[in-house]
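The values are calculated or read from the model by the stated rules, or taken from the named source; none is laboratory data. The model shown is predicted, which means the values in this text are computed figures rather than measured ones. Here Cβ is always computed from backbone atoms with ideal geometry, including for glycine, and neighbour counts include all displayed protein chains. Surface areas here come from the heavy atoms of the whole protein model, side chains and all, with no ligands, DNA or RNA. Shrake-Rupley method; radii C 1.70, N 1.55, O 1.52, S 1.80 Å.
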Amino acid sequence: MVSQKESVYNELIYIGIGTNLGNRLDNIKVAIKEISSQGIRVIRTSSIYETPAWGFESGDLFLNAVFECESPIKPMDCLKALQFVEKKMGRQKTIKEGYESRIIDLDILLYKDQQISFPELTIPHTYITERQFVIDPMHELTGSFFFHSLKSSFEDLKIKFKNPEFPFVVYNPPLVNE
């Protein structure tokens, strides 16, 4: 369990989730419970989008979503908590570099509206503005809110993608408290 003593108030955290192995919808539901057990409360979820793999070839489609969360833990402790959840759920990295199919992938997309740069953690997430399966669900949750750390809103970022019907929504909220 990650220490919860660093802060006396909660921070708003956006966590991206992806899964393309096993029962993908169940993986997302289990991840919500496991994240909550780490002291990170999932407030609400975006719709779930079905998308092809990004950055590698796979015949297994991904389910992707974004969780809006709150927690008093600091960013590095949040990262450790998410990595603990991934490992507990059975994620195994079999390659040193690049992407591969996975039972679960949890990424901190935004932590409040902060900019953080450590060797093991970059916030905003490095590819947050380049992945439609992140931009669409973030737009659902944040609308036209302007993020100073991105110098943009997700409403504005969504415009850059030419196919507004992709990715395909497979499940709409609520997943929290189901």
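Name the residue that is surrounded by the most Cβ atoms within 10 Å (Cβ to Cβ), counting only residues in the range 149-177 that are at pLDDT below 85 and more than 19 Å from the chain's Cα centre (by Cα).
Only one residue tops the list, namely F161.
All but one of (1) modelled with pLDDT of 90 or more; (2) surrounded by 15 or more Cβ atoms within 10 Å (Cβ to Cβ); (3) closer than 24 Å to L141 by Cα hold for M89; state the number of the condition that does not hold.
(3)
Would you please name the residue that is surrounded by the fewest Cβ atoms within 10 Å (Cβ to Cβ), looking only at residues in the range 9-68 that are in contact with a helix residue (DSSP H, G or I) (Cβ under 8 Å, 6 or more places away or on another chain) and in a helix (DSSP H, G or I)?
Checked the range 9-68; the qualifying residue surrounded by the fewest Cβ atoms within 10 Å (Cβ to Cβ) is E34.
Give the number of residues within the range 121-144 that are surrounded by fewer than 19 Cβ atoms within 10 Å (Cβ to Cβ) and either over 27 Å from A81 (Cβ atoms) or modelled with pLDDT under 85 (or both).
Number satisfying all stated conditions: 5.
Does I103 qualify as being in contact with an Asp or Glu (Cβ under 9 Å, 6 or more places away or on another chain), open to solvent by 40 Å² or more (accessible area, probe 1.4 Å) and at pLDDT below 95?
So I103 passes the test.
Which of the residues spanning the range 69-85 are touching a helix residue (DSSP H, G or I) at 6+ places or on another chain (Cβ under 8 Å) and either under 20 Å from I103 (Cβ atoms) or in a strand (DSSP E or B) (or both)?
Listed by number, the residues that qualify are C69, S71, A81, L82, V85.
Would you mind stating whether F146 is in contact with a strand residue (DSSP E or B) (Cβ under 9 Å, 6 or more places away or on another chain) and over 23 Å from E34 (Cβ atoms)?
Yes; evaluated as a whole, the condition is true for this residue.
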